[in-house]
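Below is one structure, written out as structure tokens; comments come after it.
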Amino acid sequence: MIKATALSKHYGATRAVDDLTFEARDGVVTGFLGPNGAGKSTTMRMILGLDHPSAGSVTIGERPYQSLRWPLREVGALLDASSVHPGRSARNHLLSLAQSNAIPPSRVDEVLDIVGLTKVASRKAGKFSLGMSQRLGIAGALLGDPGVLLFDEPINGLDPEGILWVRNLLKSLATEGRTILVSSHLMSEMAQTATELIVIGKGRLIAQTSVDDFITSNTVATVLVRSPEPTRLASVIDAAGGSWQPGEDGSILVTKINASAIGDAAAAAGLALHELSPQNASLEEVFMDLTSDATEYHATALPGAGS
Amino acid sequence: MNDGNSQESVARGGRVGIRTLAVSEATKFRSIRSTWISLAIIVVAGIGFSALFSFLIGRSWTGSSQLEHAQFDPVRISQSGIFISQFVAGILGALIVTSEYSTGTIRATLAAAPRRLSVVGAKVIVISAALLVVTEVTAFIAFFVGRSVLINYGGTVVPPGASLIERIARHALPVVNISSPGVARAVFLGGLYLVLVSLLGLGFGLLLRHTTGTIALYVVILLIVPLLAQLLPQGISSHIVPYLPSNLGLAMTTVGSRSTDFAGQLLSTGAATFTLALYAIAAVGIGATAMIRRDA
């Protein structure tokens, strides 16, 4: 179990992580979700004792990371896949890590086999593709057979087969009772892998909930309506108790009332409708709505683009 | 989670410490090619410069001045390669730290060993042990190579520390035996000098973390500061020059008279060794303190 209590990290006036309290339980994959720059990596570094918190604390199974006797046997982490000396072979990279925690060298071959790098184990890690580096990083995390695993954006750079492999690996590790914390900036990825969610933005906790609850409680049903008389349509919707906003190409997006209510109201008013379609808000949109106020780096539209 | 098998039995009890970390650091040290290239340069430079300088001095001995004869120290000449190798040793010491920061492996290293002082200790042990073996073998081979070159040019054995008059009277190319007083110690210290300056590089690396900055600082202190110090008025420079690392190296490898160097200001062998060891401890200590306090 990972438990953060009022965890904060300030760089001057910038609050990279701000009063963050959360828990990642045993036996489930907990997704750690937030836009780029939300503080996910900083939080993970604090969990591992690499960055010192400005305030608050974080523990692994009730103990601070610094007090772990054999850290790699209790916590495995994939932080940045490219964190390997380019001139060192994959096997020697893993061997040096294993030796530091008195893990037998035979385990190095085991994890190389698990991630499928046995054939290239003697090759210099600098010659690895991003996907191979990612697998090597995962091998390093698995080395001590730890009960707690942290993965920072593990699917970056992986091909579809690799992505599927990582998803299944995370799930099976959780099934074995381990605590899995996996960060991502992609909501759709989390929906397929995680059971629990911790959502942060600008360093603050936005939500800690299950993935299912998160989706149902944050999804707003929207109906796209199109009519040759948009002005009349708007007043009909107002009269029916809906709220609306203009969509693309003269369409209107309606919330609060459902498609059949809109259709009935339009028919009663003798108004022709050219389109009446319920919209399923994608997870990505839910996530973006929720974090839009908390996004560190906003893109602005190019001048002249759109209308 | 495979409880009860190999892992548990290998190290029940115990914890990550300097012993497991030294093994790990040794694996890192030997598994990159630049380590072996650096060590090879130290061997080649050490033996090569001893042979070259002994040859040049032997060949021109009869035509050189009395002052040159008086200043000649056959042990010091045999160890002249250290003034090239010191850059390789320093960079090797720097890289053992800075390459971890530039490649990001420092995060894996420190996640595996949250007590950072033991990581520094393991690095110091590995680089000191590896360099000590290589530099001592090199220093002693360099001494014997230089000696046989001088003998080839008619060198005759003179007791070290023999007076100026005695040397000039003999007018002979002086050669010493390894068994002569102070000789074996000076040769040994030629090797130890390189170990100590590599720790300077390691300390600077811990402090600065960036390879280029660390190497620049190291070169400035070992090469540029001595040049600048020469420009100072002698009243001031005589208080600085003898304490510069490279001149400590000169003092450590000098057996004969010191009166001709820096107007007799060159430190004694013991004082020079002690001072350089203090520098190395201070550099590693300051660097380690900074590294422990900062975020990885």
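The values are calculated or read from the model by the stated rules, or taken from the named source; none is laboratory data. Everything numeric in this text was worked out from a predicted model, so none of it was measured. We place every Cβ from the backbone using ideal geometry, glycine too, and count neighbours over all the protein chains shown.
At-a-glance table
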item	result
Residues being within 13 Å of A:S277 (Cβ to Cβ) and part of a loop (DSSP other than H, G, I, E, B) - total across the stretch A:234-266	3
Subset of the stretch B:10-59 [surrounded by 13 or more Cβ atoms within 10 Å (Cβ to Cβ), under 17 Å from the mean Cα position of the chain (by Cα) and closer than 23 Å to B:F143 by Cα]	B:S38, B:L39, B:I41, B:I42, B:V43, B:V44, B:A45, B:G46, B:I47, B:G48, B:F49, B:S50
Check on A:L7, aliphatic (A, V, I, L, M), more than 12 Å from chain B (Cβ to nearest Cβ) and out of contact with any strand residue (DSSP E or B) (no Cβ under 8 Å at 6 or more places or on another chain)	no
Selection status of A:V199, within 15 Å of A:F287 (Cβ to Cβ), at pLDDT 90 or above and either of a type outside the set (F, W, Y) or not in a strand (DSSP E or B) (or both)	yes
Residue selected from the stretch A:215-233 under the condition surrounded by fewer than 14 Cβ atoms within 10 Å (Cβ to Cβ) and part of a helix (DSSP H, G or I), by the criterion modelled with the highest pLDDT	A:T231
Number of positions in the stretch B:60-97 that are under 16 Å from the mean Cα position of the chain (by Cα) and not hydrophobic (A, V, I, L, M, F, W, C)	9
Residue selected from the stretch B:98-114 under the condition more than 7 Å from chain A (Cβ to nearest Cβ) and more than 14 Å from B:S24 (Cα to Cα), by the criterion surrounded by the fewest Cβ atoms within 10 Å (Cβ to Cβ)	B:S102
Inter-residue pairs, beta-carbon under 7 Å, first under 14 Å from B:I91 (Cα atoms) and in the stretch B:23-36, second aromatic (F, W, Y) and modelled with pLDDT of 95 or more, 6+ apart	B:T35/B:F29
Any hit, the stretch A:171-187, residues being in contact (Cβ under 8 Å) with a residue 60 or more places away in the chain, closer than 26 Å to A:V58 by Cβ, more than 14 Å from every other protein chain (Cβ to nearest Cβ) and among the basic types (K, R)	yes
Residue list for the stretch A:96-122, filter: at the interface with another protein chain (Cβ under 7 Å from one of its Cβ atoms) and buried (at least 24 other Cβ atoms within 10 Å of the Cβ)	A:S96, A:L97, A:S100, A:N101, A:I103
Filtered residues of the stretch B:174-204 (kept if among the hydrophobic types (A, V, I, L, M, F, W, C) and in contact with a strand residue (DSSP E or B) (Cβ under 8 Å, 6 or more places away or on another chain))	B:V175, B:V176
Residue match in the stretch B:75-88 (condition: within 30 Å of A:R63 (Cβ to Cβ) and either in contact (Cβ under 8 Å) with a residue 24 or more places away in the chain or touching a Ser or Thr at 6+ places or on another chain (Cβ under 9 Å) (or both))	no
Unmet criterion (only one of (1) within 30 Å of A:P104 (Cβ to Cβ); (2) at the interface with chain B (Cβ under 10 Å from one of its Cβ atoms); (3) among the β-branched types (V, I, T)) for A:T42	(1)
Residues being more than 10 Å from chain B (Cβ to nearest Cβ), surrounded by fewer than 22 Cβ atoms within 10 Å (Cβ to Cβ) and in contact with an Asp or Glu (Cβ under 9 Å, 6 or more places away or on another chain) - total across the stretch A:45-62	3
Residues of the stretch A:128-161 satisfying the condition of being without any contact (Cβ under 8 Å) to a residue 40 or more places away in the chain, surrounded by fewer than 19 Cβ atoms within 10 Å (Cβ to Cβ) and assigned to a helix (DSSP H, G or I)	A:G131, A:P160, A:E161
Helices (runs of 4 or more DSSP H) contained entirely in the stretch B:196-296, each with at least 1 residues that are closer than 27 Å to B:A129 by Cα	B:211-219, B:245-252, B:269-293
Selection from the stretch A:104-122 of residues that are under 19 Å from A:R73 (Cβ atoms) and part of a loop (DSSP other than H, G, I, E, B)	A:P104, A:P105
Residue ID - nearest to the other protein chains (Cβ to nearest Cβ), chosen from residues in the stretch A:65-86 that are in contact (Cβ under 8 Å) with a residue 12 or more places away in the chain and over 25 Å from A:E153 (Cβ atoms)	A:Q66
Residue check for A:R135: closer than 20 Å to A:A174 by Cα and either more than 12 Å from chain B (Cβ to nearest Cβ) or modelled with pLDDT under 95 (or both)	yes
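Every residue, every condition in (1) modelled with pLDDT of 95 or more; (2) among the small types (G, A, S), yes or no:
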position	(1), (2)
A:D113	yes, no
A:K119	yes, no
A:A139	yes, yes
A:W165	no, no
